[in-house]
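Note sheet for the following structure.
The values are calculated or read from the model by the stated rules, or taken from the named source; none is laboratory data. None of the values given here were measured: they were computed from a predicted structure. Note: ideal-geometry Cβ built from the backbone for every residue, glycine included; neighbour counts use all protein chains shown. Surface areas here come from the heavy atoms of the whole protein model, side chains and all, with no ligands, DNA or RNA. Shrake-Rupley method; radii C 1.70, N 1.55, O 1.52, S 1.80 Å.
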Amino acid sequence: MTDRPQEVRPTDARKLQILGAIVEDYVSTREPVGSKSLLDRHELGVSAATVRNDMSSLEEEGLIHQPHTSAGRVPTDKGYRAFVDHVATVKPLSAPERRAIQTLLEDAGDVEELLSRTVRLLAQTTQQVAMVQYPARRQARIRHVELVKVADSLLLLVLITESGRVDQRTVPVTAGMPAEFYLDLRDQLNRAVAGREVTGLSHPLQDLVDSLPPADRPAVAEVAEALSALAATRAEDRIMMAGTANLARSAQDFARDVEPLLDVLEEQLVLLRLFTEMHVSPGAVEVRIGSELQDRALDQAALVGAGYGAGSHLAILGPSRMDYVTGISTVQAIARYVSRYLE
């Protein structure tokens, strides 16, 4: 979870309190929240006029909006982000909850069973889609890259790993460089990536592109991007998932059909990218909301993830209107239990 500020001005603290109340009520009721209902449900300690003024300020700041005329207000993605960063607090699990998690996970016979139990527990507890990335392990290493120009605007890219597996792909190119250019590029690529794991190519390939004359960079960048994509198909990353049916219960939270989101879950490539982009230590939590997920199919979704073990992650995915307090607390607690199991 992102760092909270050291101090908040009193007026801001009051507005954050009202924002927190709006998020809490909207998550629980799915109904736009008005000033009267806020005063009825929460001990805010201020007048109705103050609540209305603060709601107007929150709307001007883009933290809440009015979906319909004469309706109450609902949080925006920016509002959810402010709530997560400044209002939400980790709720300690109760003793029975801790014992239930510990009993379920400690009784697992091996890592496969541990992850299966973990992902089911996450889905059941949060009522979201739960995902667990398999523990990081040694990836396939590259033995050789072959590059052949087969037509004026077409290359054949071949990737051979140390295990002997051969993958190939035809690559459309727009740079129009001669065949000799790509023969020389093949040698440079092999010097840059031979012996490296398929998941560790981004930096050496970028260094290669940056080291070349500016006129050559577009042509090299085309090939480097294609090689990265081909190598990604050899990664051994896998994701175990549970609770996809929970999306059906949240369908009304998505303005568009949930089918594109289901496609993302089935293909897993976007999910693997999200896990790869996480930089959280075991037990620490990261929250991404809406456009922060950088995929149109997920622009009304949110992901709460945590690290466990060495470089692996678990997460829940659901609508941006999710119970962040429960989600953050549960993901963090279970990630810590799984980390301890694998020590």
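Using the Karplus relation 6.51 cos²θ - 1.76 cosθ + 1.60 with θ = phi - 60°, the per-residue 3J(HN,Hα) values for region 92-97 come to x, 6, 6, 4, x, 5 Hz, with x marking Gly and Pro.
Here the chain is treated with +1 on each Lys and Arg Cβ and -1 on each Asp and Glu Cβ, and its dipole about the Cα centre works out to around 640 debye. Taking 23 Å as the straight-line reach from the Cα of K149, none of the lysines fall in range once those fewer than 8 positions away in the same chain are excluded. Dipole magnitude for region 40-108: computed about the Cα centre from +1 point charges on Lys and Arg Cβ and -1 point charges on Asp and Glu Cβ, it is near 100 debye. The string of couplings for region 44-52 from the Karplus curve (6.51, -1.76, 1.60, θ = phi - 60°) is 8, x, 9, 7, 4, 5, 5, 4, 4 Hz, one whole number per residue in order, with x for Gly and Pro.
On average, how much accessible surface per residue is there in region 1-136, in Å², for a 1.4 Å probe, leaving out ligands, DNA and RNA? Working shown, then result.
Working: 7380 Å² over 136 residues.
That works out to 54 Å² per residue.
By the rule of a C-alpha distance below 27 Å, with chain neighbours fewer than 8 residues away ignored, the lysines paired with K78 are K15, K36, K91.
For G34, the amide hydrogen comes within under 5 Å of the amide hydrogens of R73, counting only partners 5 or more places away or on other chains and with H modelled in the peptide plane. Separation of region 20-66 and region 202-267, taken as the distance between their Cα centroids, equals 38 angstrom. Helix 111-126 axis versus longest C-alpha principal axis of the chain: approximately 40°, rounded to the nearest ten. Under a 5 Å amide H cut-off, with hydrogens placed 1.01 Å from N, R143 pairs with I160, T161, E162, G195 among residues at least 5 apart or on other chains. For the chain, the Stokes-Einstein estimate of translational diffusion at 25 °C and a viscosity of 0.890 mPa s comes to 107 µm²/s, using the Kirkwood hydrodynamic radius over alpha-carbon pairs. Accessible surface calculations at 1.4 Å, restricted to protein heavy atoms, place region 185-305 at 49 Å² per residue. Summing +1 for each Lys or Arg and -1 for each Asp or Glu, what net charge is found among the other residues whose Cβ lies under 15 Å from the Cβ of R120? After counting each charged neighbour, the total is -2.
Taking the C-alpha atoms only, the angle from helix 10-29 to the longest principal axis of the chain is near 80 degrees. In a fully extended conformation the segment linking A251 and R143 would gain 34.2 nm over its present Cα-Cα distance, using 0.36 nm per residue. Given +1 at the Cβ of Lys and Arg, -1 at the Cβ of Asp and Glu and no other charges, the dipole of region 260-339 around its Cα centre is 260 debye to the nearest 20. Longest segment of the chain with no trypsin sites (Lys or Arg not before Pro) in a DSSP loop having at most 14 other Cβ atoms within 10 Å? With a cap of 14 other Cβ atoms within 10 Å, the longest stretch comes to 31-136.
Where does the charge balance sit around V304 when Lys and Arg score +1, Asp and Glu -1, over other residues with C-beta under 11 Å from its C-beta?
Numbers: positive: R288; negative: E286, D323.
Charge balance in the 11 Å sphere: -1.
Compared with the direct C-alpha span, the chain from S228 to A48 gains 59.1 nm at full extension, assuming 0.36 nm per residue. For region 52-127, the list of GluC sites (Glu not before Pro) that fall in a loop by DSSP and count at most 16 other C-beta atoms within 10 angstrom reads E61.
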